[in-house]
1. Name the residue, out of Thr58, Thr46, that is over 26 Å from Ser128 (Cα atoms), in contact with a Ser or Thr (Cβ under 7 Å, 6 or more places away or on another chain) and of a type outside the set (Lys, Arg).
2. Yes or no: Glu51 closer than 21 Å to Arg13 by Cα, touching a Phe, Trp or Tyr at 6+ places or on another chain (Cβ under 6 Å) and not hydrophobic (A, V, I, L, M, F, W, C)?
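None of the figures in this text is laboratory data; all of them are computed from the coordinates on show. Note that the structure is predicted; figures quoted are calculated from it, not measured. Ideal geometry is used to build each Cβ from the backbone, glycine not excepted, and the neighbour counts take in all protein chains shown.
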Amino acid sequence: MILLTPELHAALRVNAAAHRDAMQTGTHEPDPAPVVKFFNPLGAATWLATELYDDGDTLFGLADLGFGCPELGCVSLSELAGIRLSFGLQIERDIGFSTTASLSVWADTARRAGSISQAQSIIWRIESAPVPELPTDPEDGKGG
């Protein structure tokens, strides 16, 4: 499996450029939603990435190796791609992953829940909840 499609690569680079620009101009750093999720199909390790640095290999995001303490940091794309698991398996990309929650929300939720996978069930439940309709005011428009 190709870990990064050209579209994912481009989105990660856009986020990295926005972060770099904010650092250079002293403006508020962006807090983008994760672009891609990688996982170990035989274990608990999971990575969410928001940025790809200029070297084309270093990803920034949230890492959870399955020990109950997800943390923000960098990981090497080539190292992820080079991991060989039992039965000929490798690290996979979750092709169905998408989110609107920012990386800081994911990090906070994962730390509180103990893992990215537990955070995913919480965040997706919130993201998929229907937006309640606001009640209409019967007095609205009657002047008074």
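1. On the way: Thr46 fails: over 26 Å from Ser128 (Cα atoms).
Just one listed residue meets the conditions, Thr58.
2. Details: closer than 21 Å to Arg13 by Cα: yes; touching a Phe, Trp or Tyr at 6+ places or on another chain (Cβ under 6 Å): yes; not hydrophobic (A, V, I, L, M, F, W, C): yes.
Here the answer is yes, as Glu51 does meet what is asked.
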